[in-house]
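Chemist: My structure is below; once you've seen it, I'll send some questions.
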Amino acid sequence: MKKAIVVGGTSGIGKALVELLLEKNYSVGLCGIERDDLTLLKNANPQHLIIKFIDCGKENCSGEINTLVNDLGGMDLLVFSAGIGHLNKDIGYTVENPANKVNVLGFTEVVDWGYRYFHKQGSGHLVGISSVAGLFGFRTTPAYTAAKGYQINYLEALRQKAHRSKFPLFVTDIRPGFVDTEMTSDKKKFWSTSTHHAAQLIYKAILHKKGIAYVKPRWWIVGFAVKFIPNWLRSRL
């Protein structure tokens, strides 16, 4: 039985992916900060699910995740789905810094630890859920879009390293567009998808060991087109 750790698995896309992985006969270690009622999920999978509440905005969170891995008995798949995104509304650093702590510092610590774990093990699959928003800056969410751009480039660098390894080590960058979660409930959306459908598309990308996958796939059009938007037009978005 394969073993997966989902960081940020207590809500949204992460939780939907946990549910799907359990259906696919994975043993899963779930961690996050939202303390939603997970009783039904735990009761339905008492032997194959371990839940820990871990804050990726704090230093040394990877040590707690490593303990979760030991409790699970190993790790074949690591998914980093944790993230914070807020409209700035001219509040500035007060609202930007908490997002940076999770989306940049927490992401870096967990993903770097996960890659090294798999490298030492000689196999593994690292998945980071970034965003289409990381392909361009946007005035109302400067920290979020910048952090997601950081994640995209960081995952690309690790993917280059993995490609040069002599064993099966894979790195996948999942780039969702709009997904119907609590974080986006008050925003106007197009091409949106449910968390359940997003999880299915992510699982498909994991099975096929894709380097980059868009959720929904049509979002690759935006990813392609944004490269050709001139700077004068970007500044007017």
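The values are calculated or read from the model by the stated rules, or taken from the named source; none is laboratory data. These figures come from a predicted structure and were not determined experimentally. Positions of Cβ are generated from backbone atoms using ideal geometry, with glycine treated the same way; all protein chains shown enter the neighbour counts.
Chemist: List pairs: first in region 118-145 and closer than 20 Å to residue 192 by Cα, second acidic (Asp, Glu), Cβ under 9 Å, 6+ apart or cross-chain?
Modeler: These pairs meet every condition: 128/173; 129/173; 130/173; 144/96.
Chemist: Still on this model: Being at pLDDT 95 or above and either outside any helix (DSSP H, G or I) or among the hydrophobic types (A, V, I, L, M, F, W, C) (or both) narrows it down to one residue among 99, 162, 143; which is it?
Modeler: Going through 99, 162, 143 in turn, the sole match is 162.
Chemist: Residue 76: touching a His at 6+ places or on another chain (Cβ under 8 Å), touching a residue at least 40 places away in the same chain (Cβ under 8 Å), on the phi < 0 side of the Ramachandran plot and surrounded by fewer than 21 Cβ atoms within 10 Å (Cβ to Cβ), yes or no? Write out each step before concluding.
Modeler: Details: touching a His at 6+ places or on another chain (Cβ under 8 Å): yes; touching a residue at least 40 places away in the same chain (Cβ under 8 Å): yes; on the phi < 0 side of the Ramachandran plot: yes; surrounded by fewer than 21 Cβ atoms within 10 Å (Cβ to Cβ): yes.
In short, yes.
Chemist: While we're on this one: Residue 100 versus (1) more than 18 Å from the chain's Cα centre (by Cα); (2) in contact (Cβ under 8 Å) with a residue 40 or more places away in the chain: which is the lone unmet condition?
Modeler: Every listed condition holds for residue 100 apart from (1).
Chemist: Restricting attention to region 43-73, which residues are surrounded by 14 or more Cβ atoms within 10 Å (Cβ to Cβ) and among the aromatic types (Phe, Trp, Tyr)?
Modeler: Once the filter is applied, which keeps residues that are surrounded by 14 or more Cβ atoms within 10 Å (Cβ to Cβ) and among the aromatic types (Phe, Trp, Tyr), region 43-73 yields nothing.
Chemist: Name every residue in region 166-189 that is among the aromatic types (Phe, Trp, Tyr) and either at pLDDT below 65 or in contact with a Phe, Trp or Tyr (Cβ under 7 Å, 6 or more places away or on another chain) (or both), in order of residue number.
Modeler: 178
Chemist: What is the one condition in (1) modelled with pLDDT under 95; (2) of a type in the set (Gly, Ala, Ser); (3) surrounded by 14 or more Cβ atoms within 10 Å (Cβ to Cβ) that residue 92 does not satisfy?
Modeler: (3)
Chemist: Can you tell me which residues in region 36-84 are in contact with a Lys or Arg (Cβ under 6 Å, 6 or more places away or on another chain), modelled with pLDDT of 90 or more and in a loop (DSSP other than H, G, I, E, B)?
Modeler: Of everything in region 36-84, those that are in contact with a Lys or Arg (Cβ under 6 Å, 6 or more places away or on another chain), modelled with pLDDT of 90 or more and in a loop (DSSP other than H, G, I, E, B) turn out to be 74, 75, 76.
Chemist: Would you check if there is a residue in region 34-55 being of a type in the set (Asp, Glu) and in contact with a Ser or Thr (Cβ under 7 Å, 6 or more places away or on another chain)?
Modeler: The answer is yes; a qualifying residue exists.
Let's see how each residue does on (1) surrounded by fewer than 21 Cβ atoms within 10 Å (Cβ to Cβ); (2) under 19 Å from residue 6 (Cβ atoms); (3) in contact with a Phe, Trp or Tyr (Cβ under 9 Å, 6 or more places away or on another chain):
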position	(1), (2), (3)
124	no, yes, yes
129	no, yes, yes
148	no, yes, no
157	yes, no, no
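Chemist: Here is a follow-up. Restricting attention to region 189-212, and to residues there that are in contact (Cβ under 8 Å) with a residue 40 or more places away in the chain and more than 16 Å from residue 81 (Cβ to Cβ), which single residue is surrounded by the fewest Cβ atoms within 10 Å (Cβ to Cβ)?
Modeler: 209
Chemist: Right, something else. Within region 150-172, can one find any residue that is of a type in the set (Gly, Ala, Ser), out of contact with any strand residue (DSSP E or B) (no Cβ under 6 Å at 6 or more places or on another chain) and closer than 23 Å to residue 231 by Cβ?
Modeler: No, because not a single residue in region 150-172 is of a type in the set (Gly, Ala, Ser), out of contact with any strand residue (DSSP E or B) (no Cβ under 6 Å at 6 or more places or on another chain) and closer than 23 Å to residue 231 by Cβ.
Chemist: How many residues does region 204-234 contain that are within 21 Å of residue 180 (Cα to Cα) and charged (D, E, K, R)?
Modeler: Count: 3.
Chemist: Still on this model: Please verify whether residue 24 is in contact (Cβ under 8 Å) with a residue 12 or more places away in the chain and over 17 Å from residue 114 (Cα atoms), treating the condition exactly as stated. Full working, then the answer.
Modeler: Numbers: in contact (Cβ under 8 Å) with a residue 12 or more places away in the chain: yes; over 17 Å from residue 114 (Cα atoms): yes.
The answer is yes for residue 24.
Chemist: Please indicate, with yes or no, whether at least one residue in region 48-62 is more than 25 Å from residue 170 (Cβ to Cβ), touching a Cys at 6+ places or on another chain (Cβ under 8 Å) and acidic (Asp, Glu).
Modeler: Yes; the residues of region 48-62 include at least one that is more than 25 Å from residue 170 (Cβ to Cβ), touching a Cys at 6+ places or on another chain (Cβ under 8 Å) and acidic (Asp, Glu).
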